[in-house]
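Below is one structure, written out as structure tokens; the observations come after it.
The values are calculated or read from the model by the stated rules, or taken from the named source; none is laboratory data. Source: prediction; values computed, not measured. Every residue, glycine as well, gets a Cβ built from its backbone with ideal geometry; the counts of neighbours run over all protein chains shown.
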Amino acid sequence: MTTSVIGYPRIGKLRELKFTIEAYFKGEKTATELLQLAKTLRATHWQQQVDNKITYISSNDFSFYDAVLDTAALLNMIPKRYQQLSLPELDQYFAMARGYQGEKGDVHALAMKKWFNTNYHYLVPEIEETTNIKLTGTKPFDEYLEAKQLGIETKPVIVGPLTFLKLAKLPAGKTYQQYQSAIITAYQEIIAKFAQLGTQWLQIDEPILVTDLSKQDIQSFEQIYQALLPTKGKLNILLQTYFGDIRDCYPNVTALPFDGIGIDFVEGKESLKLLQQHGFPADKILFAGVINGKNIWRNNYAKTLAVLDTIKTKASKIVINTSCSLLHVPYTLQNETKLTIAQKAYFTFAQEKLQELTELGQLVDNSQRTDHAAYKTNQTLFTREREGTNNTIRQKVAALTKQDFVRLPEFNQRETIQKQALNLPLLPTTTIGSFPQTSDVRLNRSKFKKGEINLAQYTEFNKQKIAECIKLQEQIGLDVLVHGEFERNDMVEYFGESLNGFVFTEKAWVQSYGTRCVKPPIVWGDISRSKPITVEYSQYAQSVTDKPVKGMLTGPVTILNWSFPREDISNKDSVFQIGLAIADEVLDLEAAGINIIQIDEAALKEKLPLRKADWHSEYLDWAIPAFRLVHSKVKAETQIHTHMCYSEFTDIIKEIDQMDADVISFEASRSNLEIIDVLKANNFKTKVGPGVYDIHSPRVPSIDEIRKTIEKLLTKIDQKKLWINPDCGLKTRGEKEVVASLINLVKATQEVRSEL
Ligand code: GLN
Ligand code: ZN
């Protein structure tokens, strides 16, 4: 049986692309060097798939930043503000991705949003009144031809027109349907061009089909493809869906003359049921997504073969596929030197998944499959118990009662008590926690990891950084200080390393956005805490200032969502185990004299199921309680903050309030503060700090700009409820821009304050 890969990671197995792009930003590498590296990476990735005998290999899955942004550029959707900079094409592209501040002008980046239910972020394309959607770029064709020259026939991948239009930002008062005919014309041209090049298969990604669709959406879908498909000639078209099932439109999809349809059987809970109910057209190929593109646990062949056997009863032509792009898993286990052999046996990253595809392809048609060595080896993993069980923790979770999730006294009473206890000015200013991780900070950590310095030296350096950071914040005039998080490589990895039950990789990076990658820990066994984690540094920070210092923790939902979760116990059980560990840390901080504690739930919304019907039962019913569990036992005087990295929680605003934090800060500047109307309409009780400037871009906001933002916020938010802070942590920013930005933030706040 043949095999297919939806997409391959592109950042490079040692993050070569990241480093080269960043060097290009700094002027240390030329555009030619960057283009050359990209070419080498593409060739390497194609060759790996060839070596693993993958039948359908993707091209145009490469990107310098993001595939949605690539599509915008391809279709001439460059907002005016970027055109006016008159930059070379590559720089214009990067200006859209990350903003531009220089001799040619000063513009913000495009908005950035989470890609469906992943931790990958795409850039939101903007359609302006004057935008003329048409095919102007050549990237997909160039990359297809590049592979062809290497002797590799690939299937180019493009973001589907419906997904693209539904994700785009439209001019006020416009609907996406109004751009349908323009987009159809552009995609007809793309199809014609590929047909002319002799391309055999084109993969069109429509992940939007796994979300809740309206009748109109389905109608648009049909109209678009009824117009596109007749023009395809000899080109085969694969409609690829992922991240769930297509329950709203299965019959509509299968009725259209696609040559192949890609269905996700990993996250698509109802995919098998849909197939059984409606069957599958005999003239089409079913690309069956059975290899998990999002998690790193080895595939259980017995289970997957059972699924494939069922699929076979309904579909005659099948290709074994990944469930989504492998972009969401790391490259390879080969560079991991610290995982034990026993652990490695349980994992597969992108490269190893290629082999799983091939093995499954061989096993599925083999009547003696259970005798096959690959099958037997695979099954040994799933028939024996894995190490890492902690019965004490399991019992604690089982014994949790309602009271463990309720903080008393209730919010209003706490608000009064905290006002007196903390005595903060109106519009208190603060930051989200981290300060720039400068090279000396990283050097100190790497020296310690390599054993070149001892723990005392390592800690001493961090304390010195903390003291400097506190002093800097005092000079800037911030009201609530932070210690700066210099000891943390990453907000999740740091806690994972200090808790029992996680395992870590060295090179298992996954792209989060642009050149930014994360290295998620793996939840291996039951989670517990043996000793305090953050108390020493927090206490030290508080000892060098009279201003309040916020303790800084990562919440259980985020720890779980930014790790590779287990597949052998439920997420609910895992998250409560983590919650109990963090709850102990909260109480230890409180006992050490830390009066404000921030528990970041940066990734809370990330795993919100794509379909509304699943929100509560599959997620919110345990995620919100997990946060409450963490702070339910603190004193009334202790102020609990939380932080989220997005503002699109309009639909779960009640649930966010029910987390029962005292203050919440969140990203808002990139999404035009739309959230504040919703806060008001819902009588949001929690105090709020909507980020007043964008930290994902290096540009420094002016006093005036921040002032206007604060004034705008004050039209909708009670002044007693408002906090002033940046969007997110400052870790990835340069020191200079951070200081300049924070000075402006404080000055702007003081100006507004003086007029209240
Ligand atoms: N406290 C963390 C920091 O400031 C929060 C980061 C995040 O929200 N992603 O870095
Ligand atoms: Zn954040």
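Residues are listed down the side, and each one gets a yes or a no for (1) crowded, with 22+ Cβ neighbours inside 10 Å; (2) touching a residue at least 12 places away in the same chain (Cβ under 8 Å); (3) in a loop (DSSP other than H, G, I, E, B):
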| residue | (1), (2), (3) |
| --- | --- |
| G7 | yes, yes, yes |
| G12 | no, yes, yes |
| K29 | no, no, yes |
| W46 | yes, yes, no |
| I54 | yes, yes, yes |
| L85 | no, yes, yes |
| Q101 | no, yes, no |
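Here are A623, A636: which of them is buried (at least 22 other Cβ atoms within 10 Å of the Cβ) and either small (G, A, S) or within 16 Å of ligand 1 (Cβ to nearest atom) (or both)? Talk me through it step by step, then tell me what you get.
On the way: A636 fails: buried (at least 22 other Cβ atoms within 10 Å of the Cβ).
Unique residue meeting the criteria: A623.
In region 259-315, which residue that is in contact with a Lys or Arg (Cβ under 9 Å, 6 or more places away or on another chain) and small (G, A, S) is farthest from P207 (Cα to Cα)?
A282
Only one residue in E468, E485 is closer than 19 Å to Y540 by Cα, free of Cβ contacts under 8 Å to residues at least 24 places away in the same chain and charged (D, E, K, R), so which one is that? Can you show your working first?
Numbers: E485 fails: free of Cβ contacts under 8 Å to residues at least 24 places away in the same chain.
Of the residues listed, the single one that is closer than 19 Å to Y540 by Cα, free of Cβ contacts under 8 Å to residues at least 24 places away in the same chain and charged (D, E, K, R) is E468.
Write out, first by first residue and then by second, each pair whose Cβ atoms fall under 6 Å of each other, whose residues are 6+ apart or on separate chains, and whose first residue, in region 396-407, is within 11 Å of S632 (Cβ to Cβ) and touching a residue at least 40 places away in the same chain (Cβ under 8 Å) while the second is of a type in the set (K, R) and assigned to a helix (DSSP H, G or I).
Hits for this filter: F405/R628.
Restricting attention to region 163-184, which residues are small (G, A, S) and surrounded by 19 or more Cβ atoms within 10 Å (Cβ to Cβ)? So that I can check it myself, show each step before the final result.
Just the residues of region 163-184 that are small (G, A, S), to begin with: 168, 172-173, 181-182.
Selection gives A168 alone.
Which one is surrounded by the most Cβ atoms within 10 Å (Cβ to Cβ) among residues in region 185-223 that are among the charged types (D, E, K, R) and more than 17 Å from I261 (Cα to Cα)?
From region 185-223, those among the charged types (D, E, K, R) are 189, 193, 205-206, 212, 215, 217, 222; that's our starting set.
Now narrow it down to the ones that are more than 17 Å from I261 (Cα to Cα): 189, 193, 212, 215, 217.
Working: E189: 14, K193: 16, D212: 11, K215: 8, D217: 19.
The extreme case among them is D217.
More than 15 Å from ligand 1 (Cβ to nearest atom) and not in a helix (DSSP H, G or I): is that true of K712 in this structure?
So K712 does not fit the description; no.
Suppose the filter is surrounded by 23 or more Cβ atoms within 10 Å (Cβ to Cβ), among the hydrophobic types (A, V, I, L, M, F, W, C) and at pLDDT below 95; does F666 pass it?
yes
Kindly evaluate E387 against the criterion of being of a type in the set (D, E), in a loop (DSSP other than H, G, I, E, B) and out of contact with any Leu (no Cβ under 8 Å at 6 or more places or on another chain).
It is true that E387 is of a type in the set (D, E), in a loop (DSSP other than H, G, I, E, B) and out of contact with any Leu (no Cβ under 8 Å at 6 or more places or on another chain).
Taking the criterion of being within 30 Å of Q343 (Cβ to Cβ), acidic (D, E) and touching a residue at least 12 places away in the same chain (Cβ under 8 Å), would at least one residue in region 266-274 satisfy it?
Yes, region 266-274 contains at least one residue that is within 30 Å of Q343 (Cβ to Cβ), acidic (D, E) and touching a residue at least 12 places away in the same chain (Cβ under 8 Å).
Select from region 722-738 the residues that are buried (at least 16 other Cβ atoms within 10 Å of the Cβ) and more than 16 Å from ligand 1 (Cβ to nearest atom) and list them in ascending order.
If the condition is that a residue be buried (at least 16 other Cβ atoms within 10 Å of the Cβ) and more than 16 Å from ligand 1 (Cβ to nearest atom), then L722 is the only one that fits.
Condition first: small (G, A, S) and within 17 Å of F221 (Cβ to Cβ). Can you find one or more residues in region 241-249 that meet it? Break it down into steps so the answer makes sense when it comes.
Residues of region 241-249 small (G, A, S): 244.
Then drop every residue that is not within 17 Å of F221 (Cβ to Cβ), which leaves 244.
So far as region 241-249 goes, yes, one or more of its residues are small (G, A, S) and within 17 Å of F221 (Cβ to Cβ).
Looking only at region 325-369, how many residues end up being assigned to a loop (DSSP other than H, G, I, E, B) and in contact with a helix residue (DSSP H, G or I) (Cβ under 8 Å, 6 or more places away or on another chain)?
Pass one, region 325-369, residues assigned to a loop (DSSP other than H, G, I, E, B): 325, 329-332, 336-340, 345-346, 348-349, 365-368.
Pick out the ones that are also in contact with a helix residue (DSSP H, G or I) (Cβ under 8 Å, 6 or more places away or on another chain) and you get 329-332, 336, 339, 345-346, 348-349.
Summing the residues that are assigned to a loop (DSSP other than H, G, I, E, B) and in contact with a helix residue (DSSP H, G or I) (Cβ under 8 Å, 6 or more places away or on another chain) in region 325-369 gives 10.
Looking at (1) within 16 Å of ligand 2 (Cβ to nearest atom); (2) surrounded by fewer than 20 Cβ atoms within 10 Å (Cβ to Cβ), can you tell me which one D677 breaks?
Exception for D677: condition (1).
Part of a strand (DSSP E or B) and either buried (at least 22 other Cβ atoms within 10 Å of the Cβ) or modelled with pLDDT under 95 (or both): is that true of G293 in this structure?
No.
If a residue has to be over 19 Å from D142 (Cα atoms) and in contact (Cβ under 8 Å) with a residue 12 or more places away in the chain to count, how many in region 56-83 make the cut?
Adding up the residues that qualify gives 6.
Give region 233-278 a look and list any residue that's within 16 Å of K314 (Cα to Cα) and either of a type in the set (G, A, S) or modelled with pLDDT under 95 (or both), or say none.
A255, G260, G262, S271
Which of the numbered conditions does P701 fail, given that it passes all the others? Conditions: (1) over 24 Å from I597 (Cβ atoms); (2) within 14 Å of ligand 1 (Cβ to nearest atom); (3) touching a Phe, Trp or Tyr at 6+ places or on another chain (Cβ under 8 Å).
Every listed condition holds for P701 apart from (2).
Run I706 past the list (1) outside any loop (DSSP other than H, G, I, E, B); (2) buried (at least 24 other Cβ atoms within 10 Å of the Cβ); (3) within 16 Å of ligand 1 (Cβ to nearest atom) and report the number of the one that doesn't hold.
(3)
Scan region 137-148 and give yes if some residue there is of a type in the set (G, A, S) and more than 22 Å from E674 (Cα to Cα), otherwise no.
Looking for residues that are of a type in the set (G, A, S) and more than 22 Å from E674 (Cα to Cα), one finds at least one in region 137-148, hence yes.
When the residues of region 227-251 are narrowed to those that are touching a Pro at 6+ places or on another chain (Cβ under 9 Å) and assigned to a helix (DSSP H, G or I), which ends up farthest from F116 (Cα to Cα)?
P230
Here is a yes/no grid of residues against (1) of a type in the set (G, A, S); (2) away from ligand 2 (no atom under 16 Å from the Cβ); (3) farther than 24 Å from V752 by Cβ:
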residue: P428; (1), (2), (3): no, yes, no
residue: G433; (1), (2), (3): yes, no, no
residue: T438; (1), (2), (3): no, yes, yes
residue: R442; (1), (2), (3): no, yes, yes
residue: R445; (1), (2), (3): no, yes, yes
residue: G451; (1), (2), (3): yes, yes, yes
residue: L455; (1), (2), (3): no, yes, yes
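From the list K685, K720, exactly one residue is out of contact with any helix residue (DSSP H, G or I) (no Cβ under 8 Å at 6 or more places or on another chain) and more than 27 Å from N489 (Cα to Cα). Which is it?
Step by step, each of K685, K720 is checked, and only K720 is out of contact with any helix residue (DSSP H, G or I) (no Cβ under 8 Å at 6 or more places or on another chain) and more than 27 Å from N489 (Cα to Cα).
Of L742, L756, L730, L673, which residue is farther than 29 Å from F411 by Cα and part of a loop (DSSP other than H, G, I, E, B)?
L730
When you scan region 427-439, how many residues do you find that are surrounded by 12 or more Cβ atoms within 10 Å (Cβ to Cβ) and more than 16 Å from ligand 1 (Cβ to nearest atom)?
2
Go through region 221-235 and count every residue that is over 16 Å from P161 (Cα atoms) and touching a Leu at 6+ places or on another chain (Cβ under 7 Å).
Number of matching residues: 1.
Test A345 against the stated conditions and say whether it is surrounded by fewer than 16 Cβ atoms within 10 Å (Cβ to Cβ), more than 16 Å from ligand 1 (Cβ to nearest atom), under 27 Å from E506 (Cα atoms) and aliphatic (A, V, I, L, M).
Considered against the rule, which asks whether it is surrounded by fewer than 16 Cβ atoms within 10 Å (Cβ to Cβ), more than 16 Å from ligand 1 (Cβ to nearest atom), under 27 Å from E506 (Cα atoms) and aliphatic (A, V, I, L, M), A345 comes out as yes.
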